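The values are calculated or read from the model by the stated rules, or taken from the named source; none is laboratory data. Given the structure is predicted, the values throughout are model-derived calculations rather than measurements. When we count neighbours, we look across all protein chains shown, and the Cβ atoms used for this are built from the backbone with ideal geometry, even at glycine.
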Amino acid sequence: MSMSPPHKHTSVQEATRKIERFCACQERCHMEVVSKLREMRMIPEVIDHIMAHLIHENYLNEERFAKSFARGKFAIKKWGKNRIVNELKQRKISPFNIKIALAEIDDDDYRKTLSELVQKRLAQLNETNFQRKKRKLADYLLYRGWESHLVYEKLKEVL
């Protein structure tokens, strides 16, 4: 019989301090924090208590998380609104907060970024067949979450 060390139990205070640090270094959504607390083997009552504390002390704020997420994914990864919405939904962010988050993205910047992405991707495509080139470009943009009407409008413009 192998002797495994007894599982170290984390006190509520330790768990709270750990989760405060977890939330302080980066915006987090409620789902991530609950998942982390479950990993720490906290019981549901303790999870509820710690979550209430984090919200009250402003460590956790879903609206702030959603806004930060939308700005970051658009600016850094050049994601379109569809992809941002889907990712926020997976994190169980409310439709109200998703709407607020999307308002963080400036329409002019959005269209400018789409144009830049199209030009950059066109330069990378070595496809000679026009239809295949168009399809590859469209697939690339749709995968990144850009709205189909904007994608096809842009394709008509540049191809």
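Residues are listed down the side, and each one gets a yes or a no for (1) in contact with a Cys (Cβ under 6 Å, 6 or more places away or on another chain); (2) in a helix (DSSP H, G or I):
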site: ARG38; (1), (2): no, yes
site: ARG41; (1), (2): no, no
site: ILE47; (1), (2): no, yes
site: ASN58; (1), (2): no, no
site: PHE65; (1), (2): yes, yes
site: SER68; (1), (2): no, yes
site: ARG71; (1), (2): no, yes
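Inside segment 21-36, can you point out the residues that are in a helix (DSSP H, G or I) and touching a Leu at 6+ places or on another chain (Cβ under 7 Å)? Before the answer, list the steps.
To start, the set of residues in segment 21-36 that are in a helix (DSSP H, G or I) comprises 21-24, 30-36.
Listed by number, the residues that qualify are CYS23, HIS30, VAL33.
For segment 100-147, which residues satisfy the criterion of being free of Cβ contacts under 8 Å to residues at least 60 places away in the same chain, outside any helix (DSSP H, G or I) and among the basic types (Lys, Arg)? Result: no residue meets the conditions. In a residue-by-residue description of segment 76-99, the property of being among the basic types (Lys, Arg), in a helix (DSSP H, G or I), farther than 24 Å from ALA24 by Cα and without any contact (Cβ under 8 Å) to a residue 60 or more places away in the chain applies to at least one position.
Hey, among TYR152, TYR143, which residue is surrounded by fewer than 16 Cβ atoms within 10 Å (Cβ to Cβ), closer than 30 Å to ARG28 by Cβ and not assigned by TED's automatic domain parsing to the domain that holds ALA66?
Working: TYR152 fails: closer than 30 Å to ARG28 by Cβ.
On inspection, the qualifying residue turns out to be TYR143.
Note on segment 114-133: residues that are touching a Lys or Arg at 6+ places or on another chain (Cβ under 6 Å) and either of a type in the set (Val, Ile, Thr) or at pLDDT below 95 (or both) total 3. Comparison of LYS77, LYS112 shows that the only residue that is within 14 Å of the chain's Cα centre (by Cα), of a type in the set (Lys, Arg) and at negative phi is LYS77.
Checked against (1) farther than 30 Å from GLU153 by Cα; (2) at pLDDT 95 or above, MET40 meets all criteria but (2). The set of residues from segment 116-140 being under 18 Å from LYS78 (Cβ atoms), surrounded by fewer than 13 Cβ atoms within 10 Å (Cβ to Cβ) and of a type outside the set (Lys, Arg) comprises GLU116, GLN119, ALA123, GLN124, ASP139.
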